[in-house]
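Let me begin by presenting the structure, written as structure tokens, before commenting on it.
The values are calculated or read from the model by the stated rules, or taken from the named source; none is laboratory data. The structure displayed is predicted, hence computed values, not measured ones. Methodologically, a virtual Cβ is constructed for each residue, glycine included, from the backbone with ideal geometry; neighbour enumeration extends over all protein chains shown. Only protein heavy atoms, including side chains, enter the accessible area calculation; ligands, DNA and RNA are left aside. Shrake-Rupley method; radii C 1.70, N 1.55, O 1.52, S 1.80 Å.
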Amino acid sequence: AAPMLPQYSPHKSMGVASCASSLCHGAVEMWVNSRVLQNEYVTWSRRDKHARAYSVLLNERSQSIVRKLDLVEPAHRAELCLDCHAHNVPPTKRGEQFVMSDGVVCEACHGPAERWLRSHVERDARHDDNLANGLYPTSDHEARARLCLSCHFGTKRKFVTHKLMAAGHPRMSFELDTFTQIQPPHFRARSPKGDLQLWDGVKVWAIGQALAAHELLEILTDPARGRNGLFPELVLFDCHACHRPMSDERNAGARLGVGPGVVRLNDASLLMVQQIARRVDKAGQAKFAQEVTNLHRAVATGDDALVHARAVQKTLAHLLPRINAYHFSESDLRGILLGLIDDGLSG
């Protein structure tokens, strides 16, 4: 089972100040020969936009969005906004040093520290014990992807809808490897001696794409999130199927044989996963490609679309462990790039 996301943990969040000591993670310079950099707090507070996520809720754009949505509370108090722009945990789960306006803090990603704050610095501290005490496994690619996507794409519990974007919220775009690098990263990509590679960018990208596709289908099949009144939730569909001049002769649905005037799924991540599957699961990739095509046609006709969506989801769930276990080579990356070009040239 996937680990519980930090926002929903039963443990108490102690606040970013509990990590900020110069002897903890607040060193100005990274420590030599240390397993961790020790300057993570400084990197976060000075260079990471997560530290300023809450302050965005105070600007004019956020205030305008709130007015258009007729929300009762201002953006910096609305649960809808705080769920992603801060570490929005219940008041009973906030320690004495917890401050909501600190934004997306350490514990929003690494898990509420009530039970592991002291124990993780002890001489005989074991990582498995810290995980059991509520530390979130950010070093696990799949767990980290689920965590990041929970805000940067959405889940059943929190989601940037078409209505929210129409009110002025930016369109959500996310790719795990790139966003990790520009965060900026505050972990070692190699061991202190430089002999152990701790980061595989292609694998991280691939897992992020597979989980993004899985979450899209999860929301599509959810009766509460997948609809907006009489209409389906339009943010799950290709923006350019509608947001383009009528004089434009290109037809977004033609290549799938579903005809003009059809709003089709935003299949960007599904297209990427088809290329990934060609490298990771050559025997099963044709089946996956056919399932995606069947899904597009079903969405266009309304014929058991959710059944087809669940079939693709099931295949994705089986593919994820294969991606996690696969060692991507330079030829794999080149094959993925050329595959995308070939598919584009073939229409």
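A few notes on this one:
Every residue, every condition in (1) closer than 30 Å to His318 by Cα; (2) hydroxyl-bearing (Ser, Thr, Tyr); (3) open to solvent by less than 50 Å² (accessible area, probe 1.4 Å), yes or no:
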| residue | (1), (2), (3) |
| --- | --- |
| His11 | no, no, yes |
| Ala17 | no, no, no |
| Ala27 | no, no, yes |
| Leu37 | no, no, yes |
| Thr43 | no, yes, yes |
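- Of all residues in region 34-44, one or more are part of a helix (DSSP H, G or I) and under 17 Å from Cys84 (Cα atoms).
- Looking only at residues in region 134-169 that are part of a loop (DSSP other than H, G, I, E, B), touching a Leu at 6+ places or on another chain (Cβ under 9 Å) and over 28 Å from Leu69 (Cα atoms), the one that is least open to solvent (accessible area, probe 1.4 Å) is Tyr136.
- Failed item, numbered, when Ala125 is tested on (1) under 24 Å from Gly201 (Cα atoms); (2) at pLDDT below 95; (3) small (Gly, Ala, Ser): (1)
- Any hit, region 77-97, residues being farther than 22 Å from His152 by Cα, open to solvent by 50 Å² or more (accessible area, probe 1.4 Å) and assigned to a loop (DSSP other than H, G, I, E, B): yes
- Verdict on Glu73 being of a type in the set (Asp, Glu), in a loop (DSSP other than H, G, I, E, B) and farther than 24 Å from Ser139 by Cβ: yes
- In region 306-335, the residues that are free of Cβ contacts under 8 Å to residues at least 40 places away in the same chain and aliphatic (A, V, I, L, M): Val307, Ala311, Ala325
- Helices (runs of 4 or more DSSP H) wholly inside region 262-347 that include at least 2 residues being among the hydroxyl-bearing types (Ser, Thr, Tyr): 285-301
- Residues of region 179-225 that are among the charged types (D, E, K, R) and either modelled with pLDDT of 90 or more or open to solvent by less than 20 Å² (accessible area, probe 1.4 Å) (or both): Lys203, Glu215, Glu218, Asp222, Arg225.
- Region 148-163 residues that are closer than 14 Å to Phe174 by Cα and of a type in the set (Val, Ile, Thr), paired with ones that are modelled with pLDDT under 95 and surrounded by fewer than 18 Cβ atoms within 10 Å (Cβ to Cβ) (beta carbon under 6 Å, 6 or more apart): Val160/Met172
- Filtered residues of region 287-301 (kept if open to solvent by less than 60 Å² (accessible area, probe 1.4 Å) and without any contact (Cβ under 8 Å) to a residue 24 or more places away in the chain): Ala289, Asn294, Ala298
- Any hit, region 122-132, residues being within 27 Å of Ser55 (Cα to Cα) and either of a type outside the set (A, V, I, L, M, F, W, C) or free of Cβ contacts under 8 Å to residues at least 60 places away in the same chain (or both): no
- Among the residues of region 226-244, at least one is within 20 Å of Ala311 (Cα to Cα), open to solvent by less than 60 Å² (accessible area, probe 1.4 Å), aliphatic (A, V, I, L, M) and modelled with pLDDT of 90 or more.
- Checked against the criterion of being of a type in the set (Val, Ile, Thr) and farther than 24 Å from Asn88 by Cβ, the candidates Val32, Val16 yield just one match: Val32.
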